[in-house]
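Single-structure report; data block below.
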Amino acid sequence: MAKLDSSLKNMTLSLLLISLFMSAALGFVYNVTKEPITKSMKAKETNAIKDVLPSFDNDPMSSPLQINGLTFYIATKGKDTVGYAAKTYTDRGYSGRFDLMVGFLPNGSINNIVVLQQNETPGLGSNMSQDKFRSQFLKLNIGELPDKLLKVRKDGGEIDAISAATITSRAYCNALQKAYDELMKIQEESK
Amino acid sequence: MSNVSHFTNGLVKSNPTFVLVLGTCPTLAVTTAAINGIGMGAATTFVLVCSNLLIAALKNVIPDKVRIAAFILIIASFVTVVDLVMKAYTPDLYNTLGIFIPLIVVNCIILGRAEAFAQKNSVFPAILDGLGMGIGFTLAITLLASVRELIGNGSIFNVKLVSDNISTFLLFILPPGAFITYGYLIAIMNRLRARYSN
């Protein structure tokens, strides 16, 4: 078969048919992958909630609380509230926004922290998920700090910043502070 | 050219990364860890093989004047397929590769092979060419990424080879390290090729 001429009719028809066929194929793939995509995104959050909270027996994902862009998941065991998992974020990272999942005990102290999504510099800011940095937040209660503010040592606070990543460390504190402040409001209201 | 040489062409003689120096944007950007190199390479190979196949099959019904538009349409569709599939089944890898998966659309290896090879050949050689180029690209960026991960982080494929207390050359994980490593690898490859072609 000889190659088609570049006449207007041929060009339009050829492009039209290729786009039709390709969009049909894409529609098919989209439908097939839609469910696994939502599932895998949800699984990541569910696992993060399990990681940051003490053991619970309800389904915190079923009744999330949305406040100022943060999401709170309340975990209970029997009738007692055992913890709050907060999906929090900051826009002050070295490469923009990153998301954390932080678990609070009912008294406001931090139980555990998981990094959900980040684009910080590999080898520097990305070390925020390592134990060396993370461990200093565990059992920490922001309410017992001076002025109830979480700060890195450079700004007069208690936290040792990740070496060569002070901006990331500040942003990390900022995300935690946000979650803590909102949590205090929630607890205030429920009293 | 025989079918075998269509395949091996991309591996060494016209390796897209070390010889043609095409597609350097993902090459430099994602090669911070060896596993990223494999993931990126596999995604690119898939797109390359599928687009080469379809373009070779359709070459007679694509008029010359709109061929680039038609190629981009085909390539972009396959990239979106890869994007959706990776998002669904390998979410962690998808997160690390991030924007560079959609950017495979403008990877010049793919359009380059469509233009230079697939539109002039029949389906079977085009598949072999895509496979050869894709594997050549995968091997090259995985090598680059392994070197960077080893020197910059002391590990390969996330397996730590040195103790945590030993400091590594962070520079190699950062963008300048990509250029430095890439330059040295090209020099070594040129030396090797010069020696063995005589």
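All of the numbers you see were taken from the coordinates with simple rules; none came from a lab. Fair warning: this is a prediction, and the values are worked out from it, not measured in the lab. Cβ coordinates were reconstructed from backbone atoms using ideal geometry, including for glycine residues, and neighbour counts include every protein chain displayed.
Quick rundown of the values:
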item	result
For B:57-63, mean number of other protein chain Cβ atoms within 10 Å	6
Relative contact order of chain B, pairs being alpha-carbon contacts under 8 Å that are 6 or more residues apart, as %	37 percent
Placed amide H near residue B:15: partners under 5 Å, 5+ positions off or other chain	B:20
Kirkwood Rh, Cα atoms: Rg over Rh of chain A	1.22
Two-decimal log10 I(q)/I(0) for the range A:110-184, as the Debye equation yields it once each C-alpha is a single scatterer, q = 0.14, 0.15, 0.16 Å⁻¹	-0.41, -0.47, -0.53
Spatially proximal lysines relative to residue B:120 (Cα-Cα < 21 Å; intrachain offsets below 8 disregarded)	A:3, B:13, B:59, B:65
Taking N as its residue count, the alpha carbon Rg of chain B over 2.2 N^0.38 Å	1.08
The range A:14-38-the range A:129-145 distance, computed between alpha-carbon centres (Å)	46 Å
Whole-Hz ³J(HN,Hα) from phi, Karplus 6.51 cos²θ - 1.76 cosθ + 1.60, for the range A:27-41, glycine and proline x	x, 4, 4, 4, 5, 5, 8, 4, 5, x, 5, 5, 5, 5, 5
Amide hydrogen neighbours beyond the local backbone of residue A:77, cut-off 5 Å, H modeled	A:57, A:82
Interchain or long-range residues, amide H under 5 Å from residue A:71's placed H	A:87
Acute angle (nearest 10 degrees) that the helix A:166-190 long axis makes with the longest principal axis of chain A, alpha-carbon atoms	70 degrees
Relative contact order (percent, whole number), the range A:67-191, Cα cutoff 8 Å, 6+ residue spacing	22 percent
Relative frequency of Cα-Cα separations exceeding 27 Å in the protein assembly as shown, percent	60 percent
Value at 222 nm in deg cm²/dmol, rounded to 500, when DSSP H runs of n ≥ 4 in chain B each add -39,500 (n - 2.57)	-22500 deg cm²/dmol
Whole-Hz ³J(HN,Hα) from phi, Karplus 6.51 cos²θ - 1.76 cosθ + 1.60, for the range B:81-98, glycine and proline x	4, 4, 4, 5, 5, 5, 4, 7, 10, 10, x, 5, 5, 4, 5, 6, 6, x
